[in-house]
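For reference, the structure discussed in these notes is given below.
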Amino acid sequence: MKVITRLVLQTDRRVRRGTEAHMSPNSTYWMNYAIRIAQRASQSGRRVGVALVSEHNELICSAFEGEVRGASWYHTLRSRMQELGISSAHDAYLTINTLSVNQSFELSELLKEMRIDRVYIGLPDPALTSYLDDDPATERGLVHRFPDDLQREILKQNQDFYAASEQNIECNPHYSTHRISEAVSTGLKSRGFALSRSDVNANRGRSALASLICQRYGIEYEEADRAVNDALSEAFDVKYGTYDYAYDARAANAWTDDFMSVYRRSSTRSLSAVNIINVGVGAGHEAAALFADCPQITFVDIAERGLANISGRIPSSRTVVSSAEDLSALPANSFDMYVSLRTYNSSFFDTSAATSEAHRVLKPGGVIIVSVANGFLYTQRGCVLPGLILPGTDFVDIYRGMDTANLIGAELDCAGFKDIRMFPTSTEIYLSAVTA
């Protein structure tokens, strides 16, 4: 099996939309069913469960890892399918996308033998550390994901396997010690709102968190929203205001070349000739690398420390303290290009509001480029593990970057953008689009 060591820009992809539309009460029921089946497996082995469901929402057959001694879930399920004379199913629910001993995906083997309309996967195999060319989760548009709470449940069932895997972010000290949820919880507590980290993780949207504070403390929404905004600002200031590039996966590749390649596919104009808005500056490293020679540049961030950094590096720039979701301080139809790198996959981010604001401030024919972080630097080995952290855990989900990029693409479509394209690279997934 070939390992894809670097996803290159030539894999220009149209965004797959509608992943979230397939979630339903029935889907959630069968996901939970697969997890309960997995619970029957031996404590010493991987706990993997699978269920096949008909178009009438009826169980066809199911299996779990170790149910038959020495047999995987795939071999047990295949035997049952043969006994029943089954060659197709409407849905398949699999808790872990397992690799066999010969490094082939057992789900891939199943899909070669029978037709399945939709597949739902909980987590990647704990041994998976790079993209492989036969992985149904990245190669097939019919694969969807379990929601975060159920992914965490699967992780808990298989805690020992994931804790010993390279998907554990303890391999990267910056990300294991700087958790946004913890910082937000601390910030809210200092303002008199004692929310636990689990409270924060369960309400990761800004409005959801503000609503929880309203319900628990009986205050007006505006007051709660201000508290959440201030706590978020402080948290991002702490994490990114003095961000150390030594912990960034992009330090391992020429990411600026990737960005410029994406831009050249979207526009023929020089960056120095266009009016640019850069939303989500962070520590300012990316902005300084890309826009140092751009005379028409406006930087926006919720955290003031990063804006101060970039203002010192590019004195001619304009800075605005604001969130991506509210650019009301800026007029409509005023920018040729909107750039936001690694902001749209941030914690507590409202993608719908942000894409709507992006569309508003861009001129007709304006270009938007956003990126999703998709790699963590394994500092002990100097290699990159692709994926994003599963919220509320210490583990990287290798599929999460692609899932997030597809959801952002769907929001760009809803906001009125056209010609939406995805460009995966080894540490980043870029999306570009233009206004109508």
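Read-outs throughout are calculated quantities, based only on the coordinates presented, and are distinct from any laboratory measurement. Bear in mind the structure is a predicted one, so any value in this text is a computation, not a measurement. Positions of Cβ are backbone-derived with ideal geometry, glycine not excepted, and every protein chain shown enters the neighbour counts.
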Task: Given charges at beta-carbon only (K, R positive; D, E negative), |dipole| of the chain in Debye - done: 400
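Can you bin the stretch 286-416 into rounded, prolate or oblate? Criterion: square roots of the alpha carbon gyration tensor eigenvalues sorted a ≥ b ≥ c, rounded for a/c under 1.5, prolate for a/b above b/c, oblate for the rest. Mind dumping the intermediate values first?
Values: a/c = 2.05, a/b = 1.34, b/c = 1.53.
Since a/c reaches 1.5 but b/c is at least a/b, the shape of the stretch 286-416 is classed as oblate.
Determine the gain in length on full extension of the stretch Met260-Ala127; use 0.36 nm per residue of separation and subtract their C-alpha separation, reporting nm with one decimal.
Fully extending the segment from Met260 to Ala127 adds 44.5 nm.
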- [ ] Just flag the trypsin sites (Lys or Arg not before Pro) in the stretch 33-63 sitting in loop per DSSP whose Cβ has no more than 15 other Cβ atoms within 10 Å.
- [x] Arg40
Open item on the list: Checking the cross-link filter: which aspartates and glutamates have an alpha carbon closer than 18 Å to that of Lys189, excluding same-chain neighbours under 8 positions apart?
Closed with: Asp199, Glu220, Glu222, Glu223, Asp225, Asp230, Glu234, Asp237
Task: Mean projection area, nm², convex hull over Cα of the chain - done: 21.5
Open item on the list: In the chain, if the dipole is taken from +1 on Lys/Arg beta carbons and -1 on Asp/Glu beta carbons about the Cα centre, which of Ile116, Ala41, Ser316 is farthest to the positive end?
Closed with: Ile116
TODO: List the aspartates and glutamates whose Cα lies under 17 Å from the Cα of Lys112, skipping any in the same chain that are fewer than 8 positions away.
DONE: Asp91, Asp133, Asp134, Asp135, Glu139
TODO: Sticking with the crude label model, points 7 Å out along Cα→Cβ, report the distance from Asp160 to Arg216 in nm, one decimal please.
DONE: 3.5
- [ ] Within the chain, what's the longest run with no GluC sites (Glu not before Pro) in a DSSP loop and at most 14 other beta-carbon atoms within 10 Å? Give the range, please.
- [x] 221-436
- [ ] Would you please classify the overall shape of the stretch 3-165 from the alpha carbon gyration tensor, given that a ≥ b ≥ c denote the square roots of the eigenvalues, rounded means a/c under 1.5, and beyond that prolate means a/b larger than b/c while oblate covers the rest?
- [x] rounded
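Kindly provide the helix-only [θ] at 222 nm of the chain, computed as the sum of -39,500 (n - 2.57) over DSSP H runs of four or more divided by all residues, to the nearest 500 deg cm²/dmol? Let's see the in-between values first.
Numbers: 16 runs with 163 residues, N = 436.
Result for the chain, helices only: -11000 deg cm²/dmol.
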Task: Qualifying aspartates and glutamates (Cα of each under 15 Å from Cα of Lys156; at least 8 residues distant if same chain) - done: Asp125, Asp148, Asp394, Asp397
